[in-house]
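Written below as structure tokens is the structure these notes are about.
Just so you know, all these numbers are worked out from the coordinates, no wet-lab data involved. Values in this document were obtained by computation on a predicted structure and should not be read as measured data. Here the Cβ positions follow ideal geometry from the backbone for every residue, glycine too, while neighbour counts run over all protein chains shown.
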Amino acid sequence: MAKIIDGKATAASLREELKMQVHRDVSSGMRSPVLAVVLVGNDPASVSYVTGKHKACDEVGIVSRDMHLEASTDEAELLRLVDELNRDAGVDGILVQLPLPPHINEDRVVLSIAPEKDVDGFHPVSLGKLMIGMAGFLPCTPNGIVELMVRNSITLEGKHVCIVGRSNIVGKPLANLLLAKSPRGNATVTVCHSRSGDLSRYTREADILIAAVGKPQVITAEMIKPGAVVIDVGVNRVDDSSKKRGYRLVGDVDFEGACAVASMITPVPGGVGPMTIAMLMHNTVTSWKRCR
Ligand code: GUN
């Protein structure tokens, strides 16, 4: 049976380390770090993610500015708010929760965030720096996955990593991170997607299989090389009338089946998700330290 990689515990120790750093500097007179969290509308999944981000900020000692705007907010208004936050020297990080309502152009909003405050790591400047190995904010989910593996003694150097999914927020930046000339990289990376054809051909060759598809339980036991490490990035809501809220969360991997084949696996929830938020805290603290 596979060993379960405890993302919740790993993220908690990372938050604890950040909390100690913040506490030390704030005790010696520095102002607290500040993260502006912008949410437009009331998409239930986004509300839940944003709540988790505020909670993590409280725990670490980051002041989170809750900027909850009506779903009808227009793009110009949102761009004005971002511009104000860019110019506010008391704000270290700006996070605009995605997806935005369809009448707002997401690309224009992401481009409007000052790269120095882009703690999500979604700005093209941050992504370009990642691609060429320059220091910059790293996107939270990909960097959280690498951090989770490093802290759980999974070496990447020389391993064949297969990523299923080519999104701009997970698959593509993660491939770049894993390719980096660094002890946190140096892997050989295959990226598969909806047009790859027979996925098993690639996934069965992987020492580390990372599923970031966004579809429930599409990665099954037969697709996994015996002894591989499986990282499940998916968070999918599936109807479940036995639950009070009417749904349960499942990953992109058939967890029960995969447990019989893999050597190590992340659960959903409690795997990658908590690491994403911990890395957002890390980026915000990094941005704040630069204002010294
Ligand atoms: N929507 C889903 N994940 C994320 C994230 O990490 N950051 C933001 N801003 N929006 C998201």
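Regarding the chain, what's the average projected area of the Cα-atom convex hull, expressed in nm²? Walk me through the intermediate numbers first.
Values: hull surface 62.9 nm².
Projected area, direction-averaged: 15.7 nm².
Using label points projected 7 Å from each Cα along Cα→Cβ, tell me how many nm separate Arg237 and Ile4, to one decimal.
In this crude label model, Arg237 to Ile4 measures out at 2.4 nm.
If every alpha-carbon in region 214-290 counts as one equal scatterer, what log10 I(q)/I(0) does Debye give at q = 0.11, 0.24, 0.25, 0.26 1/Å?
Log10 I(q)/I(0), no solvent term: -0.38, -1.03, -1.07, -1.12.
From zero outward in steps of 5 Å, how is the percent of C-alpha pairs of region 143-186 spread across the bins?
Final binned percentages: 5, 23, 34, 26, 10, 1.
Give the span of region 144-292's Cα atoms along each principal axis, as three whole-Å numbers ordered largest to smallest.
Taking max minus min along each principal axis of the Cα atoms, region 144-292 gives 52, 41, 29 Å.
Taking the Cβ of Asn236 as the centre, find all other residues whose Cβ is under 13 Å away and add up their charges (Lys, Arg: +1; Asp, Glu: -1). Mind showing how you got there, number by number?
Working: positive: Lys215, Arg237, Arg248; negative: Asp232, Asp239, Asp240, Asp252, Asp254.
So the environment of Asn236 carries a net charge of -2.
For region 245-292, what class follows from the C-alpha gyration tensor (a ≥ b ≥ c being the square roots of its eigenvalues): rounded when a/c is under 1.5, otherwise prolate if a/b is larger than b/c, else oblate?
Values: a/c = 6.38, a/b = 2.22, b/c = 2.88.
Oblate.
Can you work out the Karplus-derived ³J(HN,Hα) for every residue in region 152-167? Use 6.51 cos²θ - 1.76 cosθ + 1.60 with θ = phi - 60°, whole Hz, and x for glycine or proline.
10, 6, 9, 7, 9, 3, x, 7, 8, 9, 10, 9, 9, x, 10, 5
Work out, in µm²/s and without decimals, the Stokes-Einstein translational diffusion coefficient of region 41-80 at 25 °C, 0.890 mPa s, Rh from Kirkwood over C-alpha pairs. Present the calculation step by step, with values, prior to reporting the outcome.
On the way: Rh = 11.5 Å.
This corresponds to a translational diffusion coefficient of 214 µm²/s.
Rule-of-thumb check for region 71-133: C-alpha Rg over 2.2 N^0.38 Å? Please report the intermediate quantities before stating the final value.
On the way: Rg = 12.0 Å, N = 63, 2.2 N^0.38 = 10.6 Å.
Region 71-133 yields a ratio of 1.13.
Can you work out D for region 101-171 in µm² s⁻¹ from Stokes-Einstein, where Rh is the Kirkwood radius over C-alpha pairs, the temperature is 4 °C and the viscosity is 1.567 mPa s?
94
Could the peptides 215-223, 98-106 be put in order, highest first, of the mean number of other beta-carbon atoms found within 10 Å of their residues? Kindly include the intermediate steps, with their values, before the conclusion.
On the way: 215-223: 18.0, 98-106: 14.7.
Listed from highest to lowest mean packing, they are 215-223, 98-106.
What percent of all Cα-Cα pairs in region 35-156 falls in each 5 Å bin, counting up from 0?
The calculated distribution, bin by bin, is 2, 10, 19, 21, 21, 14, 8, 3, 1, 0.
Provide Rg and Dmax in Å for region 14-104, with only Cα atoms included in the calculation.
14.6, 46
Once the piece of chain linking Ala12 and Arg87 is laid out straight, how much longer is it, given 0.36 nm per residue of separation minus the C-alpha distance between them? Numbers along the way, then the final one.
Details: separation 75, 0.36 × 75 = 27.00 nm, distance 3.22 nm.
That pair, Ala12 and Arg87, stretches by 23.8 nm at full extension.
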